[in-house]
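Notes follow the structure.
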Amino acid sequence: MTRKGRRGRYTLLVVVLVIVIAGFSAHDRSGESDPSSSAQGGTGGPTPTTSVDGPTGDAFPTTSPVDLSQIRVDDSVPADPYLRAAFGPAWADADRNGCDTRNDVLARDLTDVTYKPGTHDCVVTSGTLADPYTGTTVTFTKGADTSPLVQIDHIVPLAYAWRHGASAWTDARRLAFANDQNNLQATSGSANQAKSSKGPAAWMPADRADWCQYATQFATTLITWDLTTTADDKAALATGLATCQ
């Protein structure tokens with residue numbers, strides 16, 4: 001081979017080696033950790049999250065919309081027995097809008113709502129409920145035999161509230177609690193009856209997709225009204241909140 005030919009091959013080999021070395025160098029740099037994205041240096045990257053096991057062993061993020069540390073645990077029982085009458089009439093017009101609370105909640109939670117003529121769109125006569133507790137659709141028609149198919153649930157039940165602080169309240173405060181629409185949800189009569197006055201450890205919505213919302217509302221109500229809970233119910237709320245995405 002001539003000297004010119006050898007020089008050409010040598011030059012080509014040098015070029016190839018330069019390209020290969022440059023490639024390895026770029027790869028090494030791309031694999032370096034960026035201090036701004038690490039958990040210990042800066043805030044540019046995602047914050048590491050831990051997870052807990054759900055009731056079926058699924059892993060859920062611990063990010064919670066409610067701070068459960070604000071809820072006190074108290075397993076004591078009031079000396080006085082619970083009476084529904086202590087919370088006033090079944091449904092009052094607490095917000096003074098001309099409609100009782102039951103009709104307010106029906107109008108809020110149902111779709112395709114119709115009203116009784118002459119009631120200024122107050123008395124709900126029919127509608128459709130997408131029941132969050134069961135994941136089913138329930139048709140509501142006002143009537144002695146049909147109205148019970150859709151009932152209004154106190155998310156934190158009145159009897160539960162009585163056991164966890166409401167027994168010491170004034171009548172006016174208990175009436176306001178019984179009509180707090182943030183603590184009310186239209187649901188199927190069967191779900192409402194099955195729940196009764198149970199806490200989260202004994203009852204959660206059959207539709208697991210509603211656990212986050214239910215636990216959030218239950219816990220928020222306890223905090224808002226300064227009610228206590230049991231250790232088991234607080235743990236069940238944590239499980240429900242862990243399903244929040």
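The values are calculated or read from the model by the stated rules, or taken from the named source; none is laboratory data. All of these numbers come straight from a predicted model, not from anything done at the bench. Note: ideal-geometry Cβ built from the backbone for every residue, glycine included; neighbour counts use all protein chains shown. Protein only, heavy atoms only, side chains kept; ligands, DNA and RNA dropped before computing areas. Shrake-Rupley method; radii C 1.70, N 1.55, O 1.52, S 1.80 Å.
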Give the carbon-plus-sulfur fraction of the accessible surface of segment 98-176 in %, rounded to a whole number; probe 1.4 Å, heavy atoms of protein chains only. 55 percent
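With N set to the residue count of segment 151-198, report its C-alpha Rg divided by 2.2 N^0.38 Å to two decimal places.
Dividing the Cα Rg of segment 151-198 by 2.2 N^0.38 Å gives 1.15.
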May I ask for the net charge around Tyr160, where only other residues with Cβ less than 11 Å from the Cβ of Tyr160 are counted and Lys, Arg are +1 while Asp, Glu are -1? +2
Within 13 Å, Cβ to Cβ, of Phe177, how many net charges do the neighbouring residues add up to if Lys/Arg are +1 and Asp/Glu are -1? 0
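Rounded to the nearest 0.05, what FRET efficiency is calculated for Ala209 and Gln181 with R0 set to 30 Å and r the Cβ-Cβ distance? It would help to have the intermediate numbers written out before the result.
Working: r = 22 Å, r/R0 = 0.74.
Rounded to the nearest 0.05, the efficiency is 0.85.
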If you roll a 1.4 Å probe over the heavy atoms of the protein chains, what accessible area per residue do you get for segment 190-245, in Å²? 41 Å²
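Quick check on packing: order 82-89, 172-179, 154-161, 139-146 by the mean number of other C-beta atoms within 10 Å, highest mean leading. Don't skip to the end; give the middle numbers.
Working: 82-89: 15.0, 172-179: 18.1, 154-161: 22.0, 139-146: 12.9.
Highest-to-lowest ranking by the protection proxy: 154-161, 172-179, 82-89, 139-146.
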Quick one: if you stick a label point 7 Å off each Cα along the C-beta vector at Ala202 and Asp74, how many nm between them? 1.9 nm
Sum of side-chain charges, Gly143 neighbourhood, beta-carbon under 15 Å (Lys, Arg +1; Asp, Glu -1): +2
Calculate the translational D of segment 88-207 in whole µm² s⁻¹ from Stokes-Einstein, where the hydrodynamic radius comes from the Kirkwood formula applied to all Cα pairs, the temperature is 20 °C and the viscosity 1.002 mPa s. 142 µm²/s
